[in-house]
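The values are calculated or read from the model by the stated rules, or taken from the named source; none is laboratory data. If you're wondering where the values come from, they're calculated on a predicted model, not measured in any experiment. Cβ atoms come from the backbone with ideal geometry, glycine included; neighbour counts cover every protein chain shown.
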Amino acid sequence: MSQIEHVYWIIAIVFSVILLIVFVLTLFGGDTDMDGVDAEIEGDTGIGFQFISFKSVVGFFTVFGWTGITCINAGVSNWMSVLIALIAGLIMMFVIAWLFYIMMKQTESGTLLISNSVGKVGEVYLTVGANRSKIGKIQIKVQGSLRELEAITDNDEDLVQGNVIRVKEVITGELLLIEKLN
């Protein structure tokens, strides 16, 4: 076995083991994201397409090693085997980065954007005082889930449990201005 073949075997075995560990941890819910600090920021849309990450580097070296071994066993020259292995590794990095980019676009942040409630129809849960005299609570479906939010009204009569309402606007923070539907 030549020296370059030894290098390919070491790279292939070491990074295949790391890839297997990452795969098993991912299957069982382990956090294998070693790309940096994960922060939740409202309105954060992520960093987009990320070519260099822990997983893509592991994929690069795994494919690089096995492609190099295959090339050497097929009788390809050392320099050509390195070139082919580099190209195969870079293609794998791109594929992994692209797959994670697509998957990240499919996720939702889970952060409630209160502005999405404007115009929605819901129901009074706790009495809302007439002419903004008492904050009450409403139940409304926002972003696919039923939410209980605080509300006030400009109506001349109290809105009681069971009244059907529509959200007119967001007053401040998570306080909604509502109106009774007839």
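Residues of the stretch 120-136 that are closer than 13 Å to residue 158 by Cβ and surrounded by fewer than 18 Cβ atoms within 10 Å (Cβ to Cβ): 126, 127, 129, 130, 131, 132, 133, 134, 135. Beta carbons closer than 9 Å, at least 6 apart along the sequence or on distinct chains, pair a first residue in the stretch 5-19 that is modelled with pLDDT of 95 or more with a second that is surrounded by fewer than 16 Cβ atoms within 10 Å (Cβ to Cβ) for 9/1.
Screening 96, 114, 72 for residues that are out of contact with any Asp or Glu (no Cβ under 9 Å at 6 or more places or on another chain) and either in contact (Cβ under 8 Å) with a residue 60 or more places away in the chain or over 24 Å from residue 174 (Cα atoms) (or both) leaves exactly one candidate, 96.
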